[in-house]
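Notes to accompany the following structure.
Please treat every number below as a calculation from the coordinates, not as lab data. Just so it is clear, the model here is predicted, and its values are computed rather than measured. Don't worry about glycine lacking a Cβ; one is built from the backbone with ideal geometry, like all the others, and counts go over all protein chains shown.
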């Protein structure tokens, strides 16, 4: 990169500290034009790399701010370039003035994401790590953050590289055997290849198997609360959110539209949607709300079916139970503080889904609901010591583009490798455009060579 860029690296809001980052070949020179040490003797151009200097940012004779300046020479910096970071006071005006001064003396304002782009282009990080940077920033729960940090550390890169190296080794071995059958034998190699490919397939499929969990960790579990009017849906939402977000009354049909809130339970994000009570109604507005509730339930990752335990089940409940088929759902037996007309056993038999007894009014039983959700989606535990979760849909598509799908047999994979091998062309000293037939016989066009200035060259 020929030019030097600069930008505010922290949020443009009032805070204790703000950081202006400069990256590029002229970072030290630009910083040296505006930095003044306390004693006036230190020069940024001359200080050792990876040190912090105290002083002032000045525009000629005007002092802009009191600062700490960190110097990091290439390649040991985030971007892989010479980098200077100015730690100034976190006022919006102070950061703006320091940045304006940096730009005035030779830097160019950085484009959004350009520091990470340079880190990628300079080989400091790969594309998966670059994508992980924004995921770390946008992480909304503990598990999403841990997964993004794992990706940022290069865990996905490391696994993919291992798989790739394994494939390249097998291809190279086969190529060498086809080109030099006198010295390299492939007798019995078919069984060996199938074994090796089987192991590689398991690794790829293992990554693909984490896509669902990864998506849920990153985006949250779309959770729709359904039930009859006055079953306690809005009360449950308010309890989970921790504040009065939904209007709660004794009047049936109070909730008519979709109310959305995001909550975090045990490090897992739930995108909660409170819906209108499902029932037959002649009210035009309420009917629209019921239709929306049904549509969202069909598209949900999780359905929370709230049942008023003090009221017998009816035809409306049968309609709701039908929605739960082939869906992840938890039946919440609410109002356990009242006399029961419906039992847990009744609901388990009718719905074939787990039942959790709660009292939204008395705030009882919620911890069992939280544990059941975690168990249902993540088998009760998530580990980031050795586990890798695919949270990026581009990564999923790239793995699938490798044509290694969970249902593909080892023999199919071997055939795919064979087909790829036949498309490889090789130019060498004794042949040009060398390929192989399906029988493994090399096919190459003759090519005469001569020595020119101590090197091989083709004859016309």
* **Inter-probe distance in nm under a simple model that places probes 7 Å from Cα toward Cβ, at residue 43 and residue 341** => 8.9
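To the nearest 0.05, how large is the calculated FRET efficiency for residue 50 and residue 105 if R₀ is 25 Å and r is the Cβ-Cβ distance? Show your work: numbers first, answer last.
Details: r = 23 Å, r/R0 = 0.92.
Calculated transfer efficiency: 0.60.
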* Asked: Could you put 185, 15 in order, starting from the residue whose Cβ has the fewest other Cβ atoms within 10 Å?
  -> 185, 15
* Structure fact -> The correct pair for region 5-121, radius of gyration to one decimal and Dmax as a whole number, both in Å and from Cα atoms, is 13.0, 39
* **Pair residue 162, residue 291: separation of 7 Å Cα→Cβ label points (nm)** => 5.3
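Using the C-alpha gyration tensor of region 288-365, what are the square roots of 5 times its eigenvalues, in whole angstrom, with the largest one first? Please list the in-between numbers first.
Working: eigenvalues 88, 36, 33 Å².
The three semi-axes for region 288-365 are 21, 13, 13 Å.
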